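The values are calculated or read from the model by the stated rules, or taken from the named source; none is laboratory data. Being a predicted model, the structure only gives us computed values, none of them experimental. Cβ placement follows ideal geometry from the backbone for every residue including glycine, while neighbour counts extend to all protein chains displayed. The area values use the complete protein model at the heavy-atom level, side chains included, leaving out ligands, DNA and RNA. Shrake-Rupley method; radii C 1.70, N 1.55, O 1.52, S 1.80 Å.
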Amino acid sequence: MQVVRSAQELKNAKKNLSGTVGFVPTMGALHDGHISLIKRARQENDIVIVSIFVNPTQFLEGEDLDKYPRRDEADKKICELAGVDILFMPTIDSMYNQDELKISAPKVRGYILEGAKRPGHFDGVLQVVLKLLNITTPTRAYFGKKDAQQLALITQMAKDYFLDTEIVPCEIVRDSDGLALSSRNVYLSEDERKRALSLSRSLKLASDMVAKGELNCKKIKGQMRQELLKNVDKLDYVAIVNREFKEIDKVEIGNSIILAAAFVGTTRLIDNIWL
Ligand code: PAF
């Protein structure tokens, strides 16, 4: 596995390799969710590139940029074992200019739900993902469904900007107790981790209601809120959208995503299910 630190180094490393390229962008602190993306990229491509870059432009003022977990050495080992060909770990200076051209998230889809709670977050995500896709020019890029709105916006960007990369949505990986894996789970104390299970529980409750024939979003969201409010410290939102990310009144089987976002302690968690 080659470890490279700048776009130029990555381009040089790629010159010696041929075939399809699978790319997994990450912010490091790799867990089984990331490993499942890497494994899928490994199965479906000749070359696998992983990036680890804690992207400052997608963190808002007061968010956890400084304390975001960084585990470079452990991450390198994980990538090596997973059969990664090139690990791209750029420096901030090699990725950004002082006064650079900016890309903006769409004004509606980029500014609801996560975008409303974290205004500007998706501008930063799209800015870095566009750079990473341009540097790595992958055949396929792999993103988890846990960040459902991010996935929808990146898919839209690939379409709107005529990118030559297939955006591949990948299933959410959960711990045995149901908690969706996230690098931020390390912030949770024992008690908070127990209470954090309320997110996946509320989504299970919603899917059970749908399985029993309840399609009314207001009723489903009401039950979810009751479950969440008993356990979380601050509920940011419960929402039911279609795959275009438009809020819906009635669950459309095969075309709906149910989402929840909440703080447990000072940790902000998101989760969702696709129905
Ligand atoms: O999902 C993430 O880890 C990040 O938002 C991404 C896509 C690597 C961009 O920094």
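Heavy atoms of the protein chains alone define the surface here; on that basis the chain has 49 Å² accessible area per residue at 1.4 Å probe size. Dipole magnitude for the chain: computed about the Cα centre from +1 point charges on Lys and Arg Cβ and -1 point charges on Asp and Glu Cβ, it is near 560 debye.
Tally Lys and Arg at +1 and Asp and Glu at -1 over the other residues with C-beta under 13 Å from the C-beta of Lys246: what net charge comes out? Don't skip to the answer; put the middle values down first.
Values: positive: Arg109, Arg243, Lys250; negative: Glu244, Glu247, Asp249, Glu252.
That sum, taken over residues with Cβ under 13 Å, equals -1.
Charges were assigned to the Cβ only: +1 to each Lys and Arg, -1 to each Asp and Glu. The resulting dipole of segment 1-55 about its Cα centre is roughly 140 debye. Once you reduce segment 73-89 and segment 195-249 to the center of their Cα atoms, the two points are 37 Å from each other.
Between beta-carbons, use under 12 Å as the cut-off and find the net charge around Leu81, counting Lys and Arg +1, Asp and Glu -1.
On the way: positive: Lys39, Arg42, Lys76, Lys77; negative: Asp75, Glu80.
Once all neighbours under 12 Å are counted, the net charge is +2.
Springs between Cα atoms under 10 Å define the GNM used for the chain, and in it the highest mean-square fluctuation of Ser94, Ser51, Ser176 occurs at Ser176. As I understand it, the value is the acute angle between the Cα axis of helix 148-160 and the longest principal axis of the Cα atoms of the chain; what does it come to in degrees, rounded to 10? Taking Cα atoms only, the helix is inclined about 50 degrees.
Apolar share of the accessible surface for segment 1-91: 48 percent from carbon plus sulfur atoms, 1.4 Å probe. Summing charges over all other residues whose Cβ lies under 15 Å from the Cβ of Ser6, with Lys and Arg as +1 and Asp and Glu as -1, gives +3. Volume of the convex hull of the chain (Cα atoms only), normalised per residue: 132 Å³.
State the percentage of accessible surface on segment 223-268 attributable to carbon and sulfur atoms; use a 1.4 Å probe and exclude ligands, DNA and RNA.
Working: 1010 of 2230 Å².
So the carbon and sulfur contribution to the accessible surface is 45 percent.
Looking at segment 100-180, what % of the alpha carbon pairs are farther apart than 14 Å? It would help to have the intermediate numbers written out before the result.
Values: 2070 of 3240 pairs.
Distances greater than 14 Å cover 64 percent of the Cα pairs.
Pair-distance distribution of segment 77-220: all C-alpha pairs, bin width 5 Å, starting at 0; shares per bin in whole percent are 2, 7, 12, 15, 19, 17, 13, 9, 4, 2, 0. Residue pairs exceeding 29 angstrom between C-alpha atoms, taken from Lys14/Lys102; Lys117/Lys204; Lys39/Lys221; Lys77/Lys117; Lys145/Lys221; Lys15/Lys39: Lys39/Lys221; Lys77/Lys117.
Tell me, what is a quarter of the convex hull surface for the C-alpha atoms of segment 173-224, in nm² with one decimal?
Values: hull surface 17.0 nm².
Spelled out: convex hull of the Cα atoms, projected over all directions, averaged, 4.2 nm².
For segment 1-150, give the magnitude of the charge dipole about the Cα centre (Cβ charges: +1 Lys/Arg, -1 Asp/Glu; no others), in debye to the nearest 20. Intermediate results must be reported in sequence, preceding the final value.
Numbers: 21 positive and 19 negative charges, 95 e Å.
Rounded to the nearest 20 debye, it is 460 debye.
The equivalent ellipsoid that matches the C-alpha gyration tensor of segment 185-275 spans semi-axes of 24, 13, 10 angstrom, in descending order.
Taking all protein chains as shown and a probe of 1.4 angstrom, Glu252 keeps an accessible surface of around 70 Å². For segment 221-275, applying the loop criterion from DSSP together with a ceiling of 12 other beta carbons within 10 Å to the trypsin sites (Lys or Arg not before Pro) yields Lys230, Lys246.
Loop sites here are chymotrypsin sites (Phe, Trp or Tyr not before Pro) outside DSSP states H, G, I, E and B with no more than 13 other Cβ atoms within 10 Å. The longest part of the chain free of them is 1-160. Computed per residue of the chain from DSSP H runs no shorter than four, each worth -39500 (n - 2.57), the mean residue ellipticity at 222 nm is -11500 deg cm²/dmol.
Just need the Rg to Rh number for segment 88-135, please, alpha carbons only, Kirkwood Rh.
That ratio equals 1.03.
Just so you know, the Cα atoms of segment 1-67 work out to an Rg and Dmax of 14.1, 43 Å. Here segment 1-146 yields Rg over Rh of 0.96, to two decimals, using C-alpha coordinates and the Kirkwood radius.
In whole percent, what relative contact order does the chain give with Cα contacts below 8 Å and a gap of six or more residues? List each step's numbers first, then the result.
Values: 481 pairs, mean separation 46.5, N = 275.
Relative contact order here is 17 percent.
Axis angle, to the nearest 10 degrees, between helix 72-81 and the longest C-alpha principal axis of the chain: 80 degrees.
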